[in-house]
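Trainee: Right, I'll just put the structure down here and ask away after.
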Amino acid sequence: MSEVVRHIGKNVKIGKNVKIWHFTYIGDNTEIGDDTKIGSLAHIDYNVRIGKRCKIEGMVYIPPLTVIEDDVFIGPAVVFTNDPYPMSPKMTGVHVESGAIVCAGAVLKAGIRIGARSVIGMGAVVTKDVQQETVVFGNPAYYRYDLETYLSKKKSWEES
């Protein structure tokens, strides 16, 4: 018989229908909204806020003070940061607005804001705020095109 191994800290608020997979760490005073899914080996530290209907893939690191709004997708192995000048005693989180997509392997600098319905490409190193409904990728990440172009490319690929 297989036992699910995970750590859920003190004063954690978990919404309805939340799925948390094996080997996941969730720190104290974290909030996770309804219908959210969290993959294996994710590390969600203390004082994190995750909205409703989010999907957090495996091997993601989310440090303290991060805010993730509703309907956000975080791909595998994404790394959020919260210390712009390590090892500083002053921390700041990343804020991801509703409907954003952060693809696999992206790294997000402490203190930035990812705009609503924006897309962060695979492996992007995001060092500045991202405007809503835009697509960025690269190292450092920069604007590539708007959300409408992205959705058109996605539809064309899906239909081919």
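Trainee: Taking residue 109 as the anchor, which aspartates and glutamates have their alpha carbon closer than 13 Å to its alpha carbon, excluding any fewer than eight residues away along the same chain?
Mentor: Within reach: 83, 129.
Trainee: Here is a further query. Provide 95, 7 in ascending order of the number of other Cβ atoms located within 10 Å of each residue's Cβ, fewest first.
Mentor: Values: 95 18, 7 11.
With the fewest neighbours first, 95, 7 line up as 7, 95.
Trainee: Pick from 96, 78, 12: which residue has the top mean-square fluctuation in a GNM of the chain where Cα pairs under 10 Å get a spring?
Mentor: Its mean-square fluctuation being the largest, the pick is 12.
Trainee: Now for a different question. Which angle from 0 to 90°, rounded to the nearest 10, does the C-alpha axis of helix 147-159 make with the longest principal axis of the chain?
Mentor: 90 degrees
Trainee: Additional query: What distance in nm lies between label points placed 7 Å from Cα along the C-beta direction at residue 128 and residue 4?
Mentor: It is 4.3 nm.
Trainee: While we're looking at this one, here's another question. The stretch 1-85: which trypsin sites (Lys or Arg not before Pro) are DSSP loop and have at most 14 other beta-carbon atoms within 10 angstrom? Walk me through the numbers before you get to the answer.
Mentor: Details: sites: 6, 10, 13, 16, 19, 37, 49, 52, 53, 55; in loops: 10, 16, 52, 53.
Sparse-neighbourhood loop trypsin sites (Lys or Arg not before Pro): 10, 16.
Trainee: With the chain treated as a Gaussian network of Cα nodes joined by springs under 10 Å, which of 51, 115, 15 yields the largest mean-square fluctuation?
Mentor: 15
Trainee: Counting Lys +1, Arg +1, Asp -1, Glu -1, what net charge surrounds residue 110 among other residues with beta carbon under 15 Å of its beta carbon? Write down the numbers at each step before the final one.
Mentor: Details: positive: 90, 109, 113, 128; negative: 45, 83, 129.
Once positives and negatives cancel, what remains is +1.
Trainee: Just want to confirm a number: the relative contact order over the chain, from Cα pairs under 8 angstrom separated by 6+ residues, in percent. Don't skip to the end; give the middle numbers.
Mentor: Working: 504 pairs, mean separation 18.6, N = 160.
Averaging sequence separation for qualifying contacts and normalising by length gives 12 percent for the chain.
Trainee: List the lysines whose alpha-carbon lies under 23 Å from that of residue 16, not counting same-chain residues fewer than 8 positions away?
Mentor: Those lysines meeting the cut-off are 37, 52, 55.
Every number here is computed from the coordinates shown, using simple stated rules; none is lab data. In this text, all values refer to a predicted model and were calculated from it rather than measured experimentally. Reconstructed Cβ throughout: ideal geometry from the backbone, glycine too, with neighbour counts over all protein chains shown.
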